[in-house]
Every structure is written in C-alpha cells, then in structure tokens.
1. Mind checking which pairs have a first residue in the range 53-74 that is without any contact (Cβ under 8 Å) to a residue 12 or more places away in the chain and a second that is of a type in the set (Val, Ile, Thr), Cβ under 6 Å, 6 or more apart or different chains?
2. Which one of the conditions (1) modelled with pLDDT of 90 or more; (2) farther than 21 Å from Asp87 by Cα; (3) of a type outside the set (A, V, I, L, M, F, W, C) does Tyr41 fail to meet, given that it meets all the rest?
3. When the residues of the range 1-38 are filtered to those that are over 13 Å from the mean Cα position of the chain (by Cα) and of a type in the set (D, E, K, R), which remaining residue is farthest from Gln83 (Cα to Cα)?
4. Of everything in the range 44-99, what is modelled with pLDDT of 85 or more, out of contact with any helix residue (DSSP H, G or I) (no Cβ under 9 Å at 6 or more places or on another chain) and within 15 Å of Leu5 (Cα to Cα)? Give them in sequence order.
5. Please name all residue pairs, on different chains or six or more residues apart, with Cβ atoms under 8 Å, provided the first residue is in the range 6-25 and is more than 14 Å from Phe72 (Cβ to Cβ) and the second residue is surrounded by 12 or more Cβ atoms within 10 Å (Cβ to Cβ) and of a type in the set (A, V, I, L, M).
Amino acid sequence: MATLLFTPDAGDLPHNLTSLSEHCRHVLPSYAIPIFVRIKYDVLDMTSTIKQTKICLKREGFDPNVTQDLLFYYCRTERVYKQLNIDGYRKILDKSITF
C-alpha cells in the first residue's frame, strides 16, 4: 500500500490517479505497482526523529470501515485505480476481486 498526501490545491484527484497508474506501469515492474493507495488530506503523524508513524496505517489496512481516508485498489485488467468502498472490500475478502 502506498499513502499519498494531497494538499487542497493538488488538482483533480481522478486525473492524478490516472497519471499515477500510468507512471507506475512505465517505471515499475508489474509486481511492484502498489495494489492499494490511500489518499490523506491532512498531515501524516511523525515521530520525534521525523519519521512517519506507520503503526496506525498498518492497523487500519485497507478496510474502509476503519479509516476515513480515500482508498483505491489497482484493477490489473483495466490498468487503473478504482475507489474501494465497503462492497469492494467484501469482494476482496471473499476473493471475488483478485490481484
């Protein structure tokens, strides 16, 4: 999972996700493309040594019931990021959506 920090002036989110998926396809091997992307609009929590605290992010995972952040998953057949909602989360858990 990749977490991206967006500012309010970051522009159009769908356009940015399309650009992200195209960029990843061109510079990364297929196995390295992030399956899940989390979009945060506020600051990431930092430690006293200026490192990101990832414990909370790991605990929340990609469950839309737990986090208020926008979550997306990479659809390999369409080669785009799609928004992850509760229905999509259930389909991933019961393996209707595979990666």
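The values are calculated or read from the model by the stated rules, or taken from the named source; none is laboratory data. None of the values given here were measured: they were computed from a predicted structure. Neighbour counts are summed over all protein chains in view; Cβ atoms, including those assigned to glycine, are modelled from backbone coordinates with ideal geometry.
1. These pairs meet every condition: Thr53/Thr47; Glu60/Val66; Glu60/Thr67.
2. Here Tyr41 clears every test but (1).
3. By that ranking, first place goes to Asp9.
4. Gln68
5. These pairs meet every condition: Arg25/Ile33.
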